[in-house]
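> This is the structure, below, for whatever I ask next.
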Amino acid sequence: MEIIQGILIIALAFWMVLDQQGFVITTWFPAIIGMIAGIIMGDMTTAMIIAGTFQLMALGVANIGGSSVPNYGLATLVGIYVAIRTTHDVEHAKAVALAVGVPVGMLGIQLDVLGKLLNSYVSHAAQKALNLGKFKKMERIFWLGPLIFGLTTALPTALCVLFGDKLVRLILDVVPKWFTDGLSIAGSMLPVVGIALLLQFMPVKKYLTMLLIGFVVSAYLKLPILGIAILGFAFAYYYFTQNMKKTPAAATAGAASTDALDEGDDFDE
Amino acid sequence: MSEKTSDAVTKKDVRKAAIRYMFMACNTFNYENQQAPAVVYGLSKVLRKIHKKDEDYKASLNNHFNYFNTTTWMANLLLGASVAMEEKDGIKSKDAVQAFKTGMMGPLAGIGDTLVWVLYPTIMGSIAGYMGLQGNPTGAIIWLLLNVFFFFFRVELFDLGHTSGLKLITALGDKLNVFTEAASIMGLTVIGALIPSVVKMTIPIAFKTGKVSLPIQTEILDKIMPALLPAVLTFVVYKLLASKKFSVTQIIFMVIGLALVCSFFGILGV
């Protein structure tokens, strides 16, 4: 029974990252992961209390724009497993889950950065296979992507299931702190590449005003992103209604596409 | 047309493409072309039906290997319409497809990320997390069921993009430009806000003279401008990319190298 539970927990760890980044059904949000882990471990109440704690910690932590965030789902899963294995007292279980889960979840940042780096090579290899006309091979190469990401969560989970939390702590102890810190820092700097790439394709020069407004409202006024989105929508709505009146709807789709292409060149210089 | 250059694309092919893309979405995510491999994987089967000639097929897929990144839920609409474009004009549509995808992905990412990754998980997370604290899984179950509903909704979105994406574009004509511009306005506002909230850099050093300690980050940098370092970094990376002197991979390794060196000397902190 314990072996089956261990295997199911590792399988769930493998699946949850793939689902979060793909189908978005079970996700890796603590509440849902905790519920499934509760079913596996046969202790829904303890599992949900731990999951609820992590879920509220994770609120507002969104991995958007290619950013790496602490994996609270991984923290929840490992926390629930170790806690239910070691104690039957709910308050004690919560403490154990936090003590084990948080460092593992933090390790998730480094592994996520590593996974995204490795996937550059997957993309290159697949494109090479395509240009050689090996279409079947290309399809197979793509599957390395999910495999890598699945392992980024399944491996730490497997280590925790097999050795408890000691090994994770050992790894975090052996690797120099400046190195793990450095990777965490890189993880919080790298979204800049995605943002800068996205900006290459957008009319930045034309609408620099909007970029600045968004920045100021977020950096100085600390308005949550949703409020800023509504503000952005207000500007967009105004522009849209004002211009819809003027524009005659005579042009063709072809003209619209070339316009978009011209713009692309404009701010690409 | 004298010879048959493509097979008819059925509804089943479109659904299959939708599900293939939705599975892969960010599972081949890399810092270089981001979601592009997933787009290629998703569309590879349906495009093979459209492009019978190997050369056309290669050209089309190579086109889809170009940088692509938007909210995956929104991408379905774009990719559905892209398939329809290639179906209609074959490989000639390549540039139009690329222009359409890059024109729409930024604005849609700004809107989509807020809705899908900020608003939805915040609301459901608060409810499910609060119920969870009392040992109650109901909130989590509701969240899961909503996700299942959205899954099918997204498949429909791909279908909608395929059947009416083009019609929509043709009908809107010039108005589409107004829409793209309006969406860019909203997108850029959100991206402007993303820079200080997603990119994080902190200098933990403090000047010490006698008993007086002057932390650089809170007392100097933040006084000049909050999120000064992320703003500078964004500008530098933007310019490096625009100069085309370095590949994206090189820039990524530069950022990682910088982070490791700064961490070693304690210039940047977590």
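> What does the accessible area per residue of the protein assembly as shown come to in Å², with a 1.4 Å probe and no ligands, DNA or RNA counted?
Here the per-residue accessible area is 43 Å².
> Here is a follow-up. Run the accessible area of the range B:33-178 with a 1.4 Å probe and give the carbon-and-sulfur part as a rounded percent.
Using a 1.4 Å probe with all protein chains present, the range B:33-178 comes out at 68 percent carbon and sulfur.
> Could you give the alpha-carbon Rg of chain B over 2.2 N^0.38 Å, rounded to two decimals?
Relative to the rule-of-thumb radius for its length, chain B sits at 1.25.
> Just want the answer: with Cβ charges of +1 for Lys and Arg and -1 for Asp and Glu, which residue in A:F142, A:F23, A:V217 is farthest toward the dipole's positive end in chain A?
In chain A, that residue is A:F142.
> Angle, helix A:253-266 long axis vs. longest principal axis of chain A, Cα atoms, 0 to 90°, nearest 10?
The answer is roughly 80 degrees.
> What accessible area, summed over both chains, is buried at the B-A interface (1.4 Å probe, Å², nearest 100)?
10700
> Suppose each label sits 7 Å from its Cα in the direction of the beta carbon; what would the A:E2-A:L114 distance come out to in nanometres?
With each label point 7 Å from Cα toward Cβ, the separation is 2.8 nm.
> Can you give the longest stretch of chain A with no exposed loop site, where a site means chymotrypsin sites (Phe, Trp or Tyr not before Pro) in a DSSP loop (not H, G, I, E or B) with at most 16 other C-beta atoms within 10 Å?
Answer from the scan: A:1-142.
> Next question, about the same structure. Using only Cα atoms, tell me the angle between helix B:11-24 and the longest principal axis of chain B; keep it within 0 to 90° and round to the nearest 10.
For helix B:11-24, the angle is close to 20 degrees.
> Mean 1/r over all different Cα pairs, inverted: what Kirkwood radius does chain A give, in Å?
21.6
> With charges only on Cβ, +1 for K and R and -1 for D and E, what is the dipole size of chain A about its Cα centre, in debye, rounded to 20?
It works out to roughly 240 debye.
> Quick one: with all protein chains in place, what share of the accessible area of the range A:2-193 is carbon or sulfur, to the nearest percent (1.4 Å probe)?
Carbon with sulfur: 72 percent of the solvent-accessible area.
> Which loop-located chymotrypsin sites (Phe, Trp or Tyr not before Pro) does the range B:169-270 contain, where loop means any DSSP state but H, G, I, E or B and the Cβ has at most 15 other Cβ atoms within 10 Å?
Qualifying residues, ordered by number: B:F246, B:F265.
> Could you give the size of the charge dipole of the range B:200-264 about its Cα centre, using +1 on the Cβ of each K and R and -1 on the Cβ of each D and E, expressed in debye and rounded to the nearest 20?
Using only the charged Cβ atoms, the result is roughly 120 debye.
> Note down the Stokes-Einstein diffusion coefficient of the protein assembly as shown in µm²/s, whole number, using a Kirkwood radius over alpha carbon pairs, 10 °C, and 1.306 mPa s.
In µm²/s, the coefficient rounds to 65.
> Stokes-Einstein at 25 °C, 0.890 mPa s, Kirkwood radius from Cα pairs: D for the range A:1-121 in µm² s⁻¹?
This corresponds to a translational diffusion coefficient of 171 µm²/s.
> Over 30 Å between Cα atoms, which of B:K52/B:K101; B:K45/B:K167; A:K166/B:K208; A:K136/B:K101; A:K94/A:K177 qualify?
A:K166/B:K208
> Take the Cβ-Cβ distance between B:T249 and B:K52 as r, set R0 to 45 Å, and report the resulting FRET efficiency rounded to the nearest 0.05.
Computed FRET efficiency for B:T249 and B:K52: 0.85.
> OK, next. Distance from the Cα centre of the range A:80-134 to that of the range B:203-270, in angstrom?
Between the Cα centres of the range A:80-134 and the range B:203-270 lies a distance of 27 Å.
The values are calculated or read from the model by the stated rules, or taken from the named source; none is laboratory data. This one's a predicted model, so the numbers in the text were calculated from it and none came from an experiment. As a convention, Cβ positions derive from the backbone with ideal geometry for all residues, glycine included, and neighbour counts pool all protein chains shown. Quick note on the areas: whole protein, heavy atoms, side chains included, nothing else; ligands and nucleic acids left out. Shrake-Rupley method; radii C 1.70, N 1.55, O 1.52, S 1.80 Å.
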